[in-house]
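Written out below as structure tokens is the structure these notes cover.
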Amino acid sequence: MPTPTEKLKLGWIGTGRMGYEMAARLAKGGCDLAVWNRTKAKAEPLKKHGATLANELEDLSSRDIVFCMVSTWDDVQEVMAKMLSGGKKPRMVVECSSISLGGSAELRRMLAAKGVEYLAAPVSGNAKVIKAGKLTFVVSGPKAAYEAARPYLDMMGTGSSYVGEGELARIAKICHNVMLGVVIQSLSEVTILAQKAGMPRHAFLDFLNKSVMGSMFTRYKTPALVNLDFKVTFTPHLLRKDLDLGLDAGRHFEVPMPLTSLTRDLLQTMIGHGMSEEDFATLLLMQAKASGIDLKPENVEVGDGLS
Ligand SMILES: NC(=O)c1ccc[n+]([C@@H]2O[C@H](COP(=O)([O-])OP(=O)(O)OC[C@H]3O[C@@H](n4cnc5c(N)ncnc54)[C@H](OP(=O)(O)O)[C@@H]3O)[C@@H](O)[C@H]2O)c1
């Protein structure tokens, strides 16, 4: 694991599924890390890795770099305004949640007015991917700020891609998650087709995963698709938010996105059926229902490609 050359004081906002694992990697790496989460109990276990817990968001404003990983732009806006309300300011904010271009630009203006450097740094990977050390970042903002934050980004995964100034990272992340949505729907369709034609899901996915179409994503989703374990990694609501961000961006840049529109409606249908508390991969169950199949777990041990 790479180590930063300069020991900066880090702050962390948001220890949900993603934020917790990301902060844990910094704490385990020996960083001086102060953490705040709205539900404090969720951040408590980070103490055993050496992190300290902040009682108030304002306590983080005296750190050098503050990372933020919450849910939506509204949440980001709320926590940032609160953190800066005490008059102090960090040197830099690295915002990692998946938010809109407009929200990110507004945050840049808000932080610039206070003289705070800002990197947009959304991520690819789920909590399991972070644990496996395979998280990736896409980053935009001032290059010098990126170089200062880079060692910490490297500690949280396999590295980062710097894509330029401003909010470019947001569009890269939106494109990425649009593809995630379309791919899980497509994977559900072909997996159900293969099953209805007579083969077990694990056999079909074994072939697909070994082929040129296989990916880290198709492999780590395979245990869920085979054994129907839909413990949440990413919620249907968060995926819908990202598909909506993609459709908004398509409208803004005048780009037709027919597959995204269709996938968004299929996801909405699933949410409308009350299927919103489990993982977004329950799109498989919707596809099975639409195909007249009653799915059963295959109870076959399949790898997730992460270990
Ligand atoms: N899960 C994934 O696979 C994945 C992958 C890539 C990117 N993302 C993105 O990463 C972000 C976090 O996702 P997640 O899966 O970690 O979500 P999550 O488990 O629901 O965690 C959300 C976090 O945000 C906090 N939060 C939400 N609203 C808040 C508010 N108004 N004020 C203060 N704190 C607030 C929550 O605090 P509480 O604990 O108090 O609720 C929690 O710490 C999202 O933007 C998501 O789209 C997720």
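Values quoted throughout were computed directly from the atomic coordinates according to the rules given, and no laboratory measurement underlies them. Note that this is a predicted model, so its numbers are computed, not measured. Neighbour counts run over all protein chains shown; Cβ positions are idealised from the backbone, glycine included.
Computed values, structure above
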item	result
Hypothetical label at residue 253: residues of segment 64-106 whose amide nitrogen lies under 18 Å (7 Å Cα-Cβ projection)	98-106
Length-normalised contact order for the chain - Cα pairs under 8 Å, 6+ apart - percent	14 percent
Where labels lie 7 Å past Cα in the beta-carbon direction, separation of residue 306 and residue 109 in nm	3.9 nm
Acute angle (nearest 10 degrees) that the helix 17-28 long axis makes with the longest principal axis of the chain, alpha-carbon atoms	50 degrees
Shape call, segment 199-288: gyration tensor on alpha carbons, a/c limit 1.5	oblate
Residue-averaged 222 nm ellipticity for the chain, from DSSP H runs of 4+ at -39500 (n - 2.57), nearest 500	-15000 deg cm²/dmol
Nitroxide proxy distance, nm - points 7 Å out along Cα→Cβ at residue 7 and residue 277	4.6 nm
Length-normalised contact order of segment 105-169 in % [C-alpha pairs under 8 Å, at least 6 apart]	33 percent
Burial order of peptide ranges 171-180, 12-21 (average beta-carbon count within 10 Å, highest first)	12-21, 171-180
Prolate/oblate/rounded call for the chain, Cα gyration tensor, a/c under 1.5 rounded	prolate
Theoretical gain in end-to-end length, residue 232 to residue 55 [0.36 nm per residue, Cα-Cα removed]	60.9 nm
Net lengthening on full extension, residue 190/residue 74 (0.36 nm per residue, minus Cα-Cα)	38.1 nm
Under 26 Å from residue 241, Cα to Cα: lysines that are on another chain or at least 8 residues apart	40, 42, 82, 128, 131, 134, 173, 221, 231, 289
FRET E, pair residue 212, residue 179, Förster distance 25 Å, beta-carbon r, rounded to 0.05	0.95
Calculated FRET efficiency for the pair residue 128/residue 296, C-beta based, R₀ 30 Å, to 0.05	0.80
Counted charge near residue 289, where neighbours are those whose Cβ lies closer than 14 Å (Asp, Glu -1; Lys, Arg +1)	0
In segment 207-307, the chymotrypsin sites (Phe, Trp or Tyr not before Pro) that fall in loop regions by DSSP, at most 14 other Cβ within 10 Å	253
Three-way shape call for segment 34-102 based on the alpha-carbon gyration tensor, with the a/c threshold at 1.5	oblate
